[in-house]
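The values are calculated or read from the model by the stated rules, or taken from the named source; none is laboratory data. Every value quoted in this text rests on a predicted model; they were computed, and no experiment measured them. Neighbour counts run over all protein chains shown; Cβ positions are idealised from the backbone, glycine included.
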Amino acid sequence: MSQIATISEMLLEERVIAILRGTRSPRVEPIVDALRGAGLTFIEITCEAEGGVETIAALRSRFGGAIHLGAGTTVNAQQAQAAVEAGAQYLVSPGLFEDVSTFARRHDVVYIPGVLTATEIGLGLRWGHRILKLFPAGLMGPDYLRAMQAPYPEAQFFAVGNIGVTDVTTYLRAGAAGVALGSQLAGRGDAPDIIAARARTVVDQIRQSARP
């Protein structure tokens, strides 16, 4: 089985990505420990600011295969290559970028592009990406997700953007394959024990919304 298939299947089983934006060492390690202890292993480190790739490398060294690391806000192939070399197993973008898509396919790396319109969704699927980041899902609402699923039943949407910890069930019941949560789950300055409590709430909602 390819790495794309393996990581994709594990993500579709876990159904949640924790997004850490701007969190660096030494603070990031206790947060990842807290998330992992609560049952979340898919961690996305955003790379729009300095230090993102280095953080991915540090976490890969510290946690090894105990977590699944992704590089967020990946907007070009150069960023993608640096992140994968540092240990990222999947790439996430705010939009749909052809050079990142091409890089990911060539290097057997999961790419989760950001999409919103029917055209973007169709293009993401045409380029071979099974899991799509519906962004900003929270501003559009669960009814929008349902509407986009009607013409694209094969799309595995992860609802991302302006979604709170207690909104997870709503989006899963609307048909989302999963969710990705950022500051609502792990904001800058939040203590690891608070983050762990929120993560447990998310895990409980996912278990209660388990697909038949």
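Here is a yes/no grid of residues against (1) crowded, with 21+ Cβ neighbours inside 10 Å; (2) closer than 22 Å to ALA199 by Cβ; (3) touching a Cys at 6+ places or on another chain (Cβ under 9 Å):
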{"residue": "ALA147", "(1), (2), (3)": "no, no, no"}
{"residue": "PRO151", "(1), (2), (3)": "no, no, no"}
{"residue": "ILE163", "(1), (2), (3)": "yes, yes, no"}
{"residue": "ASP167", "(1), (2), (3)": "no, yes, no"}
{"residue": "ALA174", "(1), (2), (3)": "no, yes, no"}
{"residue": "GLY182", "(1), (2), (3)": "no, yes, no"}
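Let's see how each residue does on (1) free of Cβ contacts under 8 Å to residues at least 60 places away in the same chain; (2) surrounded by fewer than 17 Cβ atoms within 10 Å (Cβ to Cβ); (3) touching a Cys at 6+ places or on another chain (Cβ under 8 Å); (4) not hydroxyl-bearing (Ser, Thr, Tyr):
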{"residue": "ILE4", "(1), (2), (3), (4)": "no, no, no, yes"}
{"residue": "ILE7", "(1), (2), (3), (4)": "no, no, no, yes"}
{"residue": "GLU14", "(1), (2), (3), (4)": "no, yes, no, yes"}
{"residue": "ALA18", "(1), (2), (3), (4)": "no, no, no, yes"}
{"residue": "ARG24", "(1), (2), (3), (4)": "yes, yes, no, yes"}
{"residue": "ARG27", "(1), (2), (3), (4)": "yes, yes, no, yes"}
{"residue": "ARG36", "(1), (2), (3), (4)": "yes, no, no, yes"}
{"residue": "GLY39", "(1), (2), (3), (4)": "no, yes, no, yes"}
{"residue": "ILE43", "(1), (2), (3), (4)": "yes, no, no, yes"}
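Among the residues of the stretch 106-119, those identified as within 18 Å of the chain's Cα centre (by Cα) and free of Cβ contacts under 8 Å to residues at least 60 places away in the same chain are TYR111, ILE112, PRO113, GLY114, VAL115, LEU116. Residue check: PRO192 meets all listed conditions (1) more than 17 Å from the chain's Cα centre (by Cα); (2) touching a residue at least 40 places away in the same chain (Cβ under 8 Å); (3) closer than 19 Å to ALA118 by Cα but one, namely (3). Selection within the stretch 62-80: residues that are touching a residue at least 24 places away in the same chain (Cβ under 8 Å) and among the polar types (S, T, N, Q). The member of this set that is farthest from ILE19 (Cα to Cα) is ASN76. Just a yes or no: is a residue in the stretch 78-93 under 16 Å from ALA186 (Cβ atoms), of a type in the set (Ser, Thr, Tyr) and modelled with pLDDT of 95 or more? Among the residues of the stretch 78-93, not one is under 16 Å from ALA186 (Cβ atoms), of a type in the set (Ser, Thr, Tyr) and modelled with pLDDT of 95 or more, which makes the answer no. Considering only the stretch 92-101, I want to know if a residue exists there that is touching an Asp or Glu at 6+ places or on another chain (Cβ under 9 Å), surrounded by fewer than 21 Cβ atoms within 10 Å (Cβ to Cβ), without any contact (Cβ under 8 Å) to a residue 60 or more places away in the chain and farther than 19 Å from LEU181 by Cβ. Yes: the stretch 92-101 contains one or more residues that are touching an Asp or Glu at 6+ places or on another chain (Cβ under 9 Å), surrounded by fewer than 21 Cβ atoms within 10 Å (Cβ to Cβ), without any contact (Cβ under 8 Å) to a residue 60 or more places away in the chain and farther than 19 Å from LEU181 by Cβ.
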